[in-house]
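Notes for the one structure printed next.
The values are calculated or read from the model by the stated rules, or taken from the named source; none is laboratory data. These numbers come from a predicted model, not from an experiment. Using ideal geometry, Cβ is built from the backbone for each residue, glycine included, and neighbour counts are taken over all protein chains shown. Protein only, heavy atoms only, side chains kept; ligands, DNA and RNA dropped before computing areas. Shrake-Rupley method; radii C 1.70, N 1.55, O 1.52, S 1.80 Å.
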Amino acid sequence: MKRHLNCSVSSSEIWSSHLVLALGIPQLIINIISVIFNCAVIIIILSTKDLHKPIFILFCNLAFSDLLTSSSGFWIAMLFITNPESTIFGSKDILIAYAFYTVSILSTIYNLVSIGIERYLAVAGSLKLRYRVSRNQTLAAALINWALAFFLGCMPLVGWNCLHNQENLSALYSPFCVDYLIFITIPNCVVAFLLPLFTYLRIIVILRKQKFTLGACGQVNGTYKSAEVQVARTSIFIWLLALVSYAPFFAGVVFDAAHSLCPADLYPSVYVFRNCTAMLITMNSLGNPIVYTLQVKTLGNKLKFLKCPTNNRIHVHAMGNF
């Protein structure tokens, strides 16, 4: 894709102070709250020996990803408040911040997919033991997720950026290049939306088959039915949270790629939309510890009451983890 934005905007007042504060302060607040929530999840999991199991390792890794998302989002919000034009015309500082933000978002997506796959294997493992995931396999998956996220997210820092040229420059996310945004966004949005949807649908199908099998033997009970409903409800929340959080950003990238417009043509409505998409992504980082971790009853109680670990071991069953 080749395009060149021939824009001559030299105004130093393209952003009004009231609009900057109206957008920037809520971003800061949401990021701070997200940092607190994810730090709480990380501390509880690391300090509780009973929670050092594969699924909780993935929860902890997801919390680290969300913590980096919130921290880099806070960084971007501060750059926006102190120098809002850097988020339009680009700068070295905003390039670095965007790169870390990209790494954190990619890591979050890959961890969400890993959790869905682990849950599917855990449910399948109730039928076939060979599907069970070990702690070492989970740690290896977490490391691979981070390595892939850093490799893809740091590409702009090693040359794939439009900081010093206008060719292929993104109008919304300068100094990123439009072709880089397309390369990163489209395949990862497909991964974020389709794979979790597939894995959780498969989980529901397996649970329903197990329920019918037990029902034929007269063994199905209220607890099993409740577990099935909880799995279905949580799966829907997971998919909808990802859809609501990332779909607007995806739409913004598609709009950016399809229209060669100057900042003056986009300001203020499109840039307000851009900042709102960042808040939605942070809301995903805030929602993940609630939907994934606090839905786990035992860990939810620990976060709620901040109790010390007891001697009772926590048995993570395929159905009980949702």
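Give region 87-114 a look and list any residue that's under 14 Å from residue 61 (Cα atoms) and among the charged types (D, E, K, R), or say none. Talk me through it step by step, then tell me what you get.
Just the residues of region 87-114 that are under 14 Å from residue 61 (Cα atoms), to begin with: 103-114.
Across region 87-114, there are no qualifying residues.
When region 129-162 is examined, which residues are found to be within 21 Å of residue 83 (Cβ to Cβ) and open to solvent by 50 Å² or more (accessible area, probe 1.4 Å)?
The initial filter retains those residues of region 129-162 that are within 21 Å of residue 83 (Cβ to Cβ), namely 156-157, 161-162.
Scanning region 129-162 gives a single hit, 157.
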Here the residues within region 149-185 that are in a helix (DSSP H, G or I), without any contact (Cβ under 8 Å) to a residue 60 or more places away in the chain and more than 15 Å from the chain's Cα centre (by Cα) are 151, 152, 155, 158, 180, 183
### Task
State whether one or more residues within region 30-41 are in contact with an Asp or Glu (Cβ under 8 Å, 6 or more places away or on another chain), polar (S, T, N, Q) and either modelled with pLDDT of 80 or more or surrounded by 15 or more Cβ atoms within 10 Å (Cβ to Cβ) (or both).
yes
When region 42-68 is checked residue by residue, the ones that are in contact with a Pro (Cβ under 8 Å, 6 or more places away or on another chain) and open to solvent by 40 Å² or more (accessible area, probe 1.4 Å) are 47, 49
#### Entry: Yes/no for residue 233 being open to solvent by 20 Å² or more (accessible area, probe 1.4 Å), more than 22 Å from residue 93 (Cα to Cα), in a helix (DSSP H, G or I) and at pLDDT below 80
yes
Expected output for region 80-92 (first residue in contact (Cβ under 8 Å) with a residue 12 or more places away in the chain and under 21 Å from residue 18 (Cβ atoms), partner open to solvent by 30 Å² or more (accessible area, probe 1.4 Å) and of a type outside the set (A, V, I, L, M, F, W, C), Cβ below 8 Å, 6+ apart or cross-chain) is 85/12; 88/267
| query | Just to be sure, is residue 87 at pLDDT below 90, over 30 Å from residue 203 (Cα atoms) and in a helix (DSSP H, G or I)? | reply | yes
Cβ pairs under 8 Å, 6+ apart or interchain, first in region 115-134 and farther than 19 Å from residue 60 by Cα and small (Gly, Ala, Ser), second modelled with pLDDT of 60 or more and crowded, with 17+ Cβ neighbours inside 10 Å, ordered by first then second residue, are 124/206; 125/133; 126/210
In region 252-275, anything part of a helix (DSSP H, G or I), modelled with pLDDT under 85 and hydroxyl-bearing (Ser, Thr, Tyr) is listed as none
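Which of the following residues is open to solvent by 50 Å² or more (accessible area, probe 1.4 Å), among the aromatic types (Phe, Trp, Tyr) and at pLDDT 75 or above: 183, 176, 249? Give the steps one after another, and end with the answer.
Numbers: 176 fails: open to solvent by 50 Å² or more (accessible area, probe 1.4 Å); 249 fails: open to solvent by 50 Å² or more (accessible area, probe 1.4 Å).
Result: 183 is the single residue among 183, 176, 249 that is open to solvent by 50 Å² or more (accessible area, probe 1.4 Å), among the aromatic types (Phe, Trp, Tyr) and at pLDDT 75 or above.
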